[in-house]
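S.K.: This is the structure I want to talk about, given as structure tokens.
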Amino acid sequence: MQPFAYSSAKGQCVECASAAWSKASYSLPDNNNRVECAHLSTAVALRDSKNPDHGHLTLPPAEWTAFLAATKDGDL
């Protein structure tokens, strides 16, 4: 996987560091399995809310759309 276009030399996403992260709408308040997402200028980033410093997955718009469709269809 290629680093995001705004990544530093160490692979840290500069844009993600200042991103506004929000919990996914399907995350329940009492559920420990939560995903956070941040809408960036050219992609969407996902991370584990329990371990935000463990990295994130960055998806271009077309892949984000396909991910959402597969999730809604029950394919994932």
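S.K.: What spacing in nm lies between the two simple spin-label points modelled at residue 21 and residue 42, each 7 Å away from Cα in the Cβ direction?
M.R.: Here the modelled spin labels are 2.3 nm apart.
S.K.: Say each of residue 62 and residue 76 gets a label point 7 Å from the Cα, pointing the same way as Cα to Cβ; how far apart are those two points in nm?
M.R.: 1.8
Every number here is computed from the coordinates shown, using simple stated rules; none is lab data. Please read these numbers as outputs of a predicted model, since none were measured by experiment. All Cβ positions, glycine included, derive from the backbone under ideal geometry; neighbour counts span all protein chains shown.
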